[in-house]
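Chemist: Quick one: the structure is below, and I'll ask about it shortly.
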Amino acid sequence: MDFEKFEKKEYFVNRELSWLKFDERVLSEARDKNLPLFDRLKFLSITASNLDEFFMVRVASLKDQVHAGYHKTDIAGMTAKEQLKEISVRTHELVHVQYNTLNRSLIPALEKAGMHLVAAHENLTEAQSAFVDRYFEDNVYPVLTPMAMDSSRPFPLIRNKTLNIGALISKKEKSDKLNKKDKAGELLFATVQVPSVLPRVVQIPSKKDGDTTVILLEEIIERNIDKLFLSYDVICAHPYRIMRNADLTIDEDEAEDLLVEIQRQLKKRQWGEVIRLEVEDKIDERLLKILKTEFDIKEADIFEINGPLDLTMLMKVYGADGFDAYKTPRYQPAPVPEFQNEKDIFQVIREGDVFLHHPYMSFDPVVNFVRQAAKDPDVLAIKQTLYRVSGNSPIIAALAQAAENGKQVSVLVELKARFDEENNIVWAKKLEKAGCHVIYGLVGLKTHSKITLVVRREETGIRRYVHLATGNYNDSTAKLYTDCGIFTCDERFGEDATAVFNMLSGYSEPKSWNKLIVAPIWMKDRFLSLIEREAENAKKGLPALIRAKMNSLCDPKIIAGLYYASSCGVQVELLVRGICCLKVGVPGISENIHVRSIVGEFLEHSRIFYFENGGNPEIYMGSADWMPRNLDRRVEIVFPVEDEKIKKELEHVLDLEFKDNVKAHILQPDGTYVKPDKRGKAQINSQMEFCIEATEKAALHKHEEKKSRVFIPAEPAEDIEE
């Protein structure tokens with residue numbers, strides 16, 4: 001099908017601006033007064049860390065394009081230069097709202113709750129001042145490295161994301177002649193890094209018993225900065241922070257010619273270009289001028305901030321003890337009903353496919369699957385893909401144990417997982433040492449699929465057990481991200497799993513697949529044909545519906561396909577947590593498309609795809625979003641759900657999320673997102689409902705399991721009359 005008429009630039013939203021809308025939705029949680037106070041702090045902290053990554057990767061990539069003289073436009077018709085201009089306006093607005101939320105709403109509320117954040121060291125009491133000064137002498141002073149700049153000492157290298165204090169100092173004998181109007185030439189620039197090895201949030205004595213008072217480390221240093229420059233007078237001192245280009249891999253979301261162009265013109269830099277400078281809004285102009293010159297930064301990339309720099313530190317405040325009343329109680333994932341028994345994991349899977357819904361259900365069965373396979377004498381081989389794993393991963397330990405136990409262990413470790421590169425190299429070496437075959441991804445492709453294969457010798461012959469999922473094999477994030485997975489020993493899935501690992505470790509590419517849909521070769525076309533089938537059914541008057549849940553939607557071909565389906569009368573319902581480049585409500589194009597984003601306690605991460613198929617629904621799950629990078633440049637796996645019971649579970653998941661009116665934001669035709677009107681309606685928070693359901697199911701199953709295990713003594717045998 002030719003979707004060309006649906007691919008006009010005015011039908012698309014720029015992906016970077018759409019991402020900023022997502023961060024605004026997270027920020028709206030921080031502004032929501034119905035949320036517990038400390039939860040709001042956590043959301044504000046998340047908006048800050050999100051924004052940091054956005055600058056280091058997305059903004060950096062756009063700056064690279066500008067430097068390379070690349071003028072091609074994106075799907076929305078914007079050049080890199082135009083995008084940067086708009087991003088600067090939007091991010092300045094976003095930061096303004098962040099600090100308004102902190103200063104006007106959160107800090108006063110914290111005061112009432114007995115948590116005092118001392119904003120300026122000048123506000124300390126005498127007792128607090130004495131405590132802070134002693135803390136500085138004992139803990140901070142020995143760690144600091146003050147650095148001055150003069151004719152013999154050039155401007156020091158300032159590391160990415162570090163917090164620093166810049167100061168203007170002058171020799172003591174001249175200082176009494178200096179006033180604000182003196183020439184900058186009289187002054188020397190000095191800087192000191194706020195050490196990241198020390199806690200940034202420091203608890204100090206409170207004025208009132210039972211309260212908690214904290215001050216930030218930079219305020220303690222600023223208060224004592226004269227002790228670092230004894231023969232100088234400190235004229236002024238202000239914190240600043242820079243963000244550098246950290247896009248180690250050039251972003252491949254654009255055409256191939258871009259890559260060639262940029263790779264030719266830009267050399268790799270350990271100290272990337274400074275792309276953002278954050279300073280205090282009351283910074284001395286002379287100091288700011290030096291920073292601007294040395295970092296070679298334009299006005300549009302400077303953020304003058306009314307409050308503490310780097311709000312990610314609010315996560316530390318969130319973690320403070322004694323404020324549980326102001327936090328949503330931590331949810332304990334419920335046991336998976338099928339595994340609440342004495343049976344071994346392989347027996348349970350032989351009895352039928354098992355559905356897992358994290359974090360509502362425990363991640364333990366996934367860890368136990370690998371652990372049990374490592375110990376089981378009948379297991380011959382374990383194969384697994386790892387993209388992001390936790391700091392002390394039990395899965396890594398189990399794989400190493402399996403290799404030591406003489407099993408064939410093959411692990412694909414993706415070294416290109418952004419910001420996890422170093423972590424993954426460490427694990428890869430550890431696994432190799434234990435005797436695992438480690439495959440380091442494929443050239444030019446990131447392996448993002450989530451699959452584990454266990455090959456076991458049984459009485460009936462060799463049997464393959466497979467775990468397929470939408471999320472990473474990471475036991476830490478499995479408590480925070482919503483993801484789905486299945487265990488199966490269906491032979492067709494087993495054959496496909498073997499073919500996947502052969503494709504990853506060798507050069508073999510199967511002619512066809514039984515069940516799995518694999519990117520980058522087969523997936524996009526398959527999704528387009530599924531979308532087209534719904535459109536054809538709608539034309540014939542058959543039931544037609546597409547429901548899809550994902551993290552991001554920005555593939556122009558898929559969006560054009562959805563526009564075509566909508567124009568044919570297909571109802572298209574989309575749950576897109578993050579970027580959405582599709583527009584709703586365009587006459588004749590997208591009037592039948594509904595888009596919502598759920599931002600809640602857990603990060604929505606699962607990918608589920610539902611196609612009505614004329615009344616015979618097909619449901620798929622997998623690791624891929626509808627983005628060019630997932631469909632064209634990654635090894636991804638999407639799999640059909642064939643077990644009727646699991647299909648019903650997934651339909652229920654989608655139903656409940658489309659009914660959510662507490663954490664959902666609905667996309668409007670003007671590109672804004674609004675919360676649904678709850679007046680007169682029962683409040684439905686899908687995430688909390690899933691927590692309740694999982695806990696109740698586990699309790700019910702445990703009760704039934706107990707009943708079924710009651711031992712009944714046998715009656716004495718009656719005499720048989722002759």
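The values are calculated or read from the model by the stated rules, or taken from the named source; none is laboratory data. All figures in this text were calculated on a predicted structure; none of them were measured in a lab. Glycine also receives a Cβ, built like all others from the backbone with ideal geometry; neighbour counts cover every protein chain displayed.
Chemist: Mind checking which pairs have a first residue in segment 54-73 that is closer than 14 Å to Lys85 by Cβ and assigned by TED's automatic domain parsing to the domain that holds Thr91 and a second that is buried (at least 19 other Cβ atoms within 10 Å of the Cβ) and among the aromatic types (Phe, Trp, Tyr), Cβ under 6 Å, 6 or more apart or different chains?
Modeler: Here the result reads none, with nothing in segment 54-73 linked to a residue that is buried (at least 19 other Cβ atoms within 10 Å of the Cβ) and among the aromatic types (Phe, Trp, Tyr).
Chemist: Out of the residues in segment 428-484 that are out of contact with any Asp or Glu (no Cβ under 9 Å at 6 or more places or on another chain), closer than 26 Å to Met621 by Cα and charged (D, E, K, R), which is surrounded by the most Cβ atoms within 10 Å (Cβ to Cβ)?
Modeler: Asp483
Chemist: Then there is this: Listed residues Asn50, Asn103, Asn34; which is surrounded by fewer than 14 Cβ atoms within 10 Å (Cβ to Cβ), in a helix (DSSP H, G or I) and polar (S, T, N, Q)?
Modeler: Numbers: Asn50 fails: surrounded by fewer than 14 Cβ atoms within 10 Å (Cβ to Cβ); Asn34 fails: in a helix (DSSP H, G or I).
Unique residue meeting the criteria: Asn103.
Chemist: If you don't mind, another one. Restricted to segment 519-547, and to residues that are in contact with an Asp or Glu (Cβ under 7 Å, 6 or more places away or on another chain) and not in a helix (DSSP H, G or I), which residue is farthest from Tyr440 (Cα to Cα)?
Modeler: Pro543
Chemist: Within segment 326-354, track down each residue that is farther than 20 Å from Arg463 by Cβ and touching a residue at least 24 places away in the same chain (Cβ under 8 Å).
Modeler: Tyr326, Lys327, Thr328, Tyr331, Pro333, Ala334, Pro335, Val336, Pro337, Gln340, Asn341
Chemist: While we're on this one: Considering (1) touching a helix residue (DSSP H, G or I) at 6+ places or on another chain (Cβ under 8 Å); (2) in contact (Cβ under 8 Å) with a residue 40 or more places away in the chain; (3) hydroxyl-bearing (Ser, Thr, Tyr), say which one Tyr440 fails and leave the rest.
Modeler: Every listed condition holds for Tyr440 apart from (2).
Chemist: Of everything in segment 559-574, what is surrounded by fewer than 23 Cβ atoms within 10 Å (Cβ to Cβ) and touching a residue at least 60 places away in the same chain (Cβ under 8 Å)? Give them in sequence order.
Modeler: Tyr564, Ser567, Glu573
Chemist: Hey, another quick one. Mind checking whether some residue in segment 286-298 is assigned to a helix (DSSP H, G or I), farther than 20 Å from His121 by Cβ and within 25 Å of the chain's Cα centre (by Cα)?
Modeler: no
Chemist: Among Asp525, Asp555, Asp496, which is the only one that is out of contact with any strand residue (DSSP E or B) (no Cβ under 7 Å at 6 or more places or on another chain), outside the structural domain of Ile75 (by TED's automatic domain parsing) and buried (at least 22 other Cβ atoms within 10 Å of the Cβ)?
Modeler: Asp496
Chemist: For segment 303-319, which positions are surrounded by fewer than 17 Cβ atoms within 10 Å (Cβ to Cβ) and part of a loop (DSSP other than H, G, I, E, B)?
Modeler: Step one: list which residues in segment 303-319 are surrounded by fewer than 17 Cβ atoms within 10 Å (Cβ to Cβ), which gives 304, 306-307, 315-316, 319.
Listed by number, the residues that qualify are Asn306, Gly307, Gly319.
Chemist: Please go through segment 669-722 and pick out each residue that is acidic (Asp, Glu) and either closer than 30 Å to Tyr481 by Cβ or at pLDDT 55 or above (or both). Don't jump to the end; show me each part of the working.
Modeler: Residues of segment 669-722 that are acidic (Asp, Glu), as a first pass: 670, 677, 689, 693, 696, 704-705, 715, 718-719, 721-722.
Listed by number, the residues that qualify are Asp670, Asp677, Glu689, Glu693, Glu696, Glu704, Glu705.
Chemist: Still on this structure: Determine which member of the set Ser597, Ser590 is touching a Lys or Arg at 6+ places or on another chain (Cβ under 8 Å), assigned to a strand (DSSP E or B) and under 16 Å from Gln668 (Cβ atoms). Step through it out loud before you land on a result.
Modeler: On the way: Ser590 fails: assigned to a strand (DSSP E or B).
None of the others qualify; the one that does is Ser597.
Chemist: Is at least one residue of segment 669-676 crowded, with 23+ Cβ neighbours inside 10 Å, in contact (Cβ under 8 Å) with a residue 12 or more places away in the chain, in the same structural domain as Ile546 (by TED's automatic domain parsing) and under 24 Å from Cys581 (Cα atoms)?
Modeler: Looking for residues that are crowded, with 23+ Cβ neighbours inside 10 Å, in contact (Cβ under 8 Å) with a residue 12 or more places away in the chain, in the same structural domain as Ile546 (by TED's automatic domain parsing) and under 24 Å from Cys581 (Cα atoms), one finds none in segment 669-676, hence no.
Chemist: Take residues that are at pLDDT 90 or above and small (Gly, Ala, Ser) and tell me which of the strands (runs of 3 or more DSSP E) falling wholly in segment 155-238 contain 1 or more. First the steps, then the outcome.
Modeler: Details: elements: 163-171, 188-193, 201-204, 212-216.
Correct list: 163-171, 188-193.
Chemist: Also, I was wondering about something else. Quick check on my filter: what residues within segment 140-157 are farther than 17 Å from Glu218 by Cβ and touching a residue at least 24 places away in the same chain (Cβ under 8 Å)?
Modeler: Hits for segment 140-157 are Ala148, Met149, Asp150, Phe155, Pro156, Leu157.
Chemist: On to the next question. Restricting to segment 548-560, name every residue that is within 18 Å of Val586 (Cβ to Cβ) and not in a loop (DSSP other than H, G, I, E, B).
Modeler: Leu553, Pro556, Lys557, Ile558, Ile559, Ala560
Chemist: Collect the residues in segment 637-661 that are in a loop (DSSP other than H, G, I, E, B), touching a residue at least 24 places away in the same chain (Cβ under 8 Å) and farther than 30 Å from Leu386 by Cβ, keeping them in residue-number order. Walk me through how you get there before you give the answer.
Modeler: The first filter runs over segment 637-661 and keeps only residues in a loop (DSSP other than H, G, I, E, B), leaving 642-643, 660-661.
Next cut, touching a residue at least 24 places away in the same chain (Cβ under 8 Å) only: 642-643, 660.
If the condition is that a residue be in a loop (DSSP other than H, G, I, E, B), touching a residue at least 24 places away in the same chain (Cβ under 8 Å) and farther than 30 Å from Leu386 by Cβ, then Asp660 is the only one that fits.
Per-residue answers, yes or no, for (1) closer than 30 Å to Gly319 by Cα; (2) free of Cβ contacts under 8 Å to residues at least 60 places away in the same chain; (3) under 20 Å from the mean Cα position of the chain (by Cα):
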| position | (1), (2), (3) |
| --- | --- |
| Ser28 | yes, no, yes |
| Arg40 | yes, no, yes |
| Ser45 | yes, no, yes |
| Leu51 | yes, yes, yes |
| Lys81 | no, yes, no |
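Chemist: Name the single residue that is nearest to Leu168 (Cα to Cα) among those in segment 207-240 being buried (at least 17 other Cβ atoms within 10 Å of the Cβ) and among the polar types (S, T, N, Q).
Modeler: Applying the filter and picking the extreme gives Asn224.
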